[in-house]
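Here's the structure, in structure tokens; my notes come after.
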Amino acid sequence: MSDFARFLIIIGVILVVVGLALLLLPKIPWLGKLPGDIVIKRENFTFYFPLGTSILISVILSLIFWLFRR
């Protein structure tokens, strides 16, 4: 199989995974409300920094990529 065909297949799989994630992630109630997520609410201002969620997603993606490399 040519390199370009393999590249297109990989891009297609990535798009499907991202699409499924965008469809299913709002249905996970605890995602975005983990300990370590920073929320600052003022009168006309809300600042949200999902630090705990970002770390969790990073660990999960690192494990997945590590498994695929093996």
Residue pairs meeting the criteria (Cβ under 6 Å; at least 6 apart or on separate chains; first in the same structural domain as residue 38 (by TED's automatic domain parsing), in the range 52-67; second part of a helix (DSSP H, G or I) and among the charged types (D, E, K, R)): none
Selection over the range 18-70 where residues are loosely packed, with under 10 Cβ neighbours inside 10 Å and assigned to a strand (DSSP E or B) yields a count of 4
For the range 24-44, pairs from a residue that is on the phi > 0 side of the Ramachandran plot to a residue that is at pLDDT 85 or above and among the polar types (S, T, N, Q), with Cβ under 6 Å and 6 or more apart or across chains, are 32/53
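The values are calculated or read from the model by the stated rules, or taken from the named source; none is laboratory data. From a predicted model like this one, the values you see are computed outputs, not experimental measurements. Cβ: placed from backbone, ideal geometry, glycine included. Neighbour counts: every protein chain shown.
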